[in-house]
2 protein chains.
Amino acid sequence: VKIKSRIKDYSVEMIDDIFSLSQSIKINNTRFFFIIDEKLYSIYKCRMDKFVGKSKKILIPAKEESKTLPYIMNIYRKLFDNGFNRNDTLFTFGGGILQDISGFIASTIYRGVRWIFAPTTLLAQADSCIGSKTSINFYKWKNQIGTFYPPDKIFIDPNFTDTLTDRDFYSGLGEIIKVHLMGDEGSFDSLSKYLCTKKLHAKSDFTQMVSNSLKIKRSYFEGDEFDTGRRNLLNYGHCFGHALESASNFEINHGEAVLLGIGFSNQVALNRKILCKTEFLKIESVIKPYYPVFDLKSISIKQIINNMKHDKKRTDKKLVMIVLKKVGVLEKRTDIEEQEIEQIYSKFVEYIHE
Amino acid sequence: VKIKSRIKDYSVEMIDDIFSLSQSIKINNTRFFFIIDEKLYSIYKCRMDKFVGKSKKILIPAKEESKTLPYIMNIYRKLFDNGFNRNDTLFTFGGGILQDISGFIASTIYRGVRWIFAPTTLLAQADSCIGSKTSINFYKWKNQIGTFYPPDKIFIDPNFTDTLTDRDFYSGLGEIIKVHLMGDEGSFDSLSKYLCTKKLHAKSDFTQMVSNSLKIKRSYFEGDEFDTGRRNLLNYGHCFGHALESASNFEINHGEAVLLGIGFSNQVALNRKILCKTEFLKIESVIKPYYPVFDLKSISIKQIINNMKHDKKRTDKKLVMIVLKKVGVLEKRTDIEEQEIEQIYSKFVEYIHE
């Protein structure tokens, strides 16, 4: 998958064993500095150590607290103290959090350095690795600081998903389902067949779905990298999803929240007759088995609405939501009412728990 | 002056009284948040207050300590606490330091917001306002963190230079002389005439020189915004200049250091017979009267060389210097020897003080 960017063109390569790469990616006159998810490192220690060799490595815990400026200052410090220079390359192994941190650093140290990213979660492989966004939390403002900066190269090794917990694995499904609903009829149908027939034992079988996801996502942001128009539609499932994720104190993870956000958005669209009942039911039959098990009754709708008001995409007094008209056709609505959300939420909670 | 950028195209407008602008720059549905140099604000208080109106303003002291991440976190905090949103506009009044701080913030808050810049020092007007660079200090590493992010619009009001101290004013001359040496013969000749005949009483007479400087600078970075090739030549006078500025503990200011850096680089070029004696003397006759009064003997050449080794443009073991072959023709040399620098420095110090 090749991607055009205002900043620099880049590409994604699916690779069966990333640890066999070491020789071929060496670039003249450049050293690698590795940034690795702490937990991932402990799982793949032997192979990682061999791959990293004598290069410096920095281990980072994949948690929201790592995505803060004080934490990032520690990493700048380690890089400078170890003589990291403008011709050196950052190489990241990890999921979305590691991507956000190292992308922000890669874009701001010497105003941008070479950066290779090997996403290791399904969520990062199928979604976040492309699109150039990096995000940092600032106090209570989640993801409100950041830059646009793509990696120079992305290597996706599907084997990494074999060591994900089931929960993290299914979290990745949220974004995969989202973009397949945003592609054409054919793409959603093929995903449906896959989800309904496979037992998902061999997680690495997902290679095709991952690469489809990236192609559909690309079609939404190429030409609108800085997110001023069409790219906004990728926020489908996120307006409500983000707010829910936050209101649950992140006990619901991102992919789970996005899947619930898709379901909720579809209810809103159904209620407004934007989405027809047949299409709605067809989609539900595919996604309902993947809704996370979580007691939604414990989450206050007032808190969710309050969070939706802080959505950085919102510019007016009403609430914003991306809704599906039919598979592949979406629309941004800026006229969503608080009352409407409240009413649909109580029905939605019952539906999810039925 | 219109400038093409990978990030966004933008333009510079010369304007005789910026405070008369207030109505014409209002954009629908956007609020302004002002970031203003503390000292400048005290000088122009009445007019500033009228211009700012009910908008929020943040005053910042123009010193190196303000260009740090902890300080910038305070500003993020003030912006978020005051409800700054992604459709709002930052509006900066100040020189290079204010530009660096607010440019970094504008590029990282919500991954980039609208930003208007009114440079108020000669240095910022004639040089730094274009070219998209923003810089932050990190401990001892000066300007090593930053982004590429141009303002959406730059308004240059030459009247601001009337309230600069003489020293700050002459500091701006360093960069003006630099780019005029990098333009064609004609541009340097017209600057020479100007510098040799005018008494520089009416500082705002410089409008033409400012606008020429921006056009010459633009010709060096358009097409190489991210500084991987030709743009590097703009570092003329800076390889030695930065190192000197730092070694003097910033008692020599940036523009003064750049002018001395030009003089020094020309001595190196003369010594290597890259620059001919006639051309060298012609240039010296114009710039020598503007060298700052400073006891260079008090600065250790070892310290300067040590700083040159940390130049972020350097990638090899030898030192780097941009040298002039003749007016308008420059070359990057990566084979400069420490011993060469030491020998020429002792001659240079005598020459400056003679």
Pairs of alpha-carbon atoms within less than 8 angstrom and 6+ residues apart define the contacts here; what relative contact order does the range B:209-324 have, in percent?
31 percent
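Please label the shape of the range B:282-354 as rounded, prolate or oblate, based on the square roots a ≥ b ≥ c of the eigenvalues of the alpha-carbon gyration tensor (a/c under 1.5 means rounded; beyond that, a/b larger than b/c means prolate, else oblate). Mind showing how you got there, number by number?
Numbers: a/c = 2.18, a/b = 1.19, b/c = 1.83.
It comes out oblate by the Cα gyration axes.
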Once the in-chain neighbours fewer than 8 apart are removed, the aspartates and glutamates whose Cα is under 17 Å from A:LYS277 read A:GLU185
Rg and Dmax of the range B:61-128 over Cα atoms: what are they, in angstrom?
11.9, 35
Can you compute the FRET efficiency between B:LYS332 and A:MET14 using 1/(1 + (r/R0)^6), with r the Cβ-Cβ distance and R0 = 30 Å? Round to the nearest 0.05.
0.15
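From the alpha carbon gyration tensor of chain A, can you work out the equivalent ellipsoid semi-axes (sqrt of 5 times each eigenvalue) and give them in Å, largest to smallest? Provide the component values of the computation, followed by the final result.
Working: eigenvalues 243, 96, 69 Å².
So the equivalent ellipsoid measures 35, 22, 19 Å along its semi-axes.
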For the range B:139-150, 3J(HN,Hα) per residue [Karplus equation, 6.51 cos²θ - 1.76 cosθ + 1.60, θ = phi - 60°, Hz, x = Gly/Pro]
6, 7, 8, 6, 6, 8, 10, x, 9, 9, 6, x
Using just the Cα positions, wrap the range B:39-90 in a convex hull and report its mean projected area in square nanometres, one decimal place.
4.2 nm²
So which GluC sites (Glu not before Pro) in the range B:213-272 are both in a DSSP loop and have at most 16 other Cβ atoms within 10 Å of their Cβ?
B:GLU222, B:GLU251
Net dipole in debye of chain A [+1 Lys, Arg Cβ; -1 Asp, Glu Cβ; about Cα centre; nearest 20]:
920 debye
Using alpha carbons only, how many angstrom separate the centre of the range B:208-279 from the centre of the range A:319-354?
59 Å
Provide the descending list of Cα extents for the range A:223-354 along its principal axes, expressed in whole angstroms.
41, 33, 26
Note down the Stokes-Einstein diffusion coefficient of the protein assembly as shown in µm²/s, whole number, using a Kirkwood radius over alpha carbon pairs, 37 °C, and 0.692 mPa s.
119 µm²/s
What residues qualify as long-range amide H neighbours of B:GLU13, i.e. H under 5 Å apart, gap of 5 or more or another chain, H built at 1.01 Å from N?
B:ILE154, B:PHE155, B:ILE156
Which aspartates and glutamates does A:LYS273 reach when only Cα atoms under 14 Å apart count, and residues fewer than 8 places away in its own chain are ignored?
A:GLU331, A:GLU340
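Return the tail of the calculated pair distribution for the range A:110-193, meaning the percent of Cα-Cα pairs more than 17 Å apart.
On the way: 2125 of 3486 pairs.
Every Cα pair in the range A:110-193 considered, those over 17 Å come to 61 percent.
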Using θ = phi - 60° and Karplus 6.51 cos²θ - 1.76 cosθ + 1.60, couplings along the range B:3-10 (whole Hz; Gly, Pro as x)
10, 8, 9, 5, 7, 6, 6, 8
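Restricting things to alpha carbons, find the Rg to Rh ratio for the range B:127-273 using the Kirkwood radius for Rh.
On the way: Rg = 15.7 Å, Rh = 16.5 Å.
Computed over Cα atoms, the ratio is 0.95.
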Please get the size of the charge dipole for the range A:155-309, origin at its Cα centre, with Cβ charges of +1 on Lys and Arg and -1 on Asp and Glu, quoted in debye to the nearest 20.
560 debye
Cut-off 10 angstrom, C-alpha nodes, Gaussian network model of chain A. Which of A:CYS129, A:CYS239, A:CYS196 fluctuates the most?
A:CYS196
For the range A:124-134, 3J(HN,Hα) per residue [Karplus equation, 6.51 cos²θ - 1.76 cosθ + 1.60, θ = phi - 60°, Hz, x = Gly/Pro]:
6, 5, 8, 9, 5, 4, 10, x, 6, 7, 10
Could you list, in their original order, any pairs among A:LYS67/B:LYS56; B:LYS142/B:LYS317; B:LYS67/B:LYS153; A:LYS309/A:LYS347; B:LYS57/B:LYS153; A:LYS4/A:LYS318 whose Cα atoms are separated by more than 26 Å?
A:LYS67/B:LYS56; A:LYS4/A:LYS318
Once Lys and Arg get +1 and Asp and Glu get -1 on their Cβ, which of A:PHE117, B:VAL323, B:PRO61 lies farthest toward the positive end of the dipole of the protein assembly as shown?
B:VAL323
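I need the per residue convex hull volume for the range A:1-126, using only the alpha carbons, in cubic angstrom as a whole number. Could the numbers behind the result be given before it?
On the way: hull volume 15.1 nm³, N = 126.
So the per-residue hull volume is 120 Å³.
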Whose amide H sits under 5 Å from the amide H of A:ILE109, counting only residues 5 or more places off or on another chain, with H placed in the peptide plane?
B:GLY146
Just to confirm the numbers: B:LYS297, label point 7 angstrom along the Cα-Cβ line, distances to the other copies in nm, shortest first?
8.8
Between A:GLN303, A:GLN339, A:GLN144, which gets the highest mean-square fluctuation from a Gaussian network model of chain A, Cα cutoff 10 Å?
A:GLN339
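Return the loop-located trypsin sites (Lys or Arg not before Pro) in the range B:44-78 (DSSP other than H, G, I, E, B) with at most 15 other Cβ atoms within 10 Å of their own Cβ; answer none if there are none.
Within the range B:44-78, the qualifying trypsin sites (Lys or Arg not before Pro) (loop, at most 15 other Cβ atoms within 10 Å) are B:LYS54, B:LYS63.
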Inter-centroid distance (Cα atoms) of the range A:46-88 relative to the range B:79-104, Å
30 Å
Please build a GNM for chain A, connecting alpha carbons under 10 Å apart, and tell me which residue among A:ILE274, A:ILE43, A:ILE72 fluctuates the most.
A:ILE43
Placed amide H near B:TYR149: partners under 5 Å, 5+ positions off or other chain:
B:LYS133, B:THR134
Extended-chain gain in nm, criterion 0.36 nm per residue less alpha-carbon gap, A:ASP184 and A:ARG230:
15.0 nm
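Laboratory data are not the source of any read-out in this text; all were calculated from the coordinates shown. If you're wondering where the values come from, they're calculated on a predicted model, not measured in any experiment. A quick note on method: Cβ atoms are made from the backbone with ideal geometry, for glycine too, and the neighbour counts reach across all protein chains shown.
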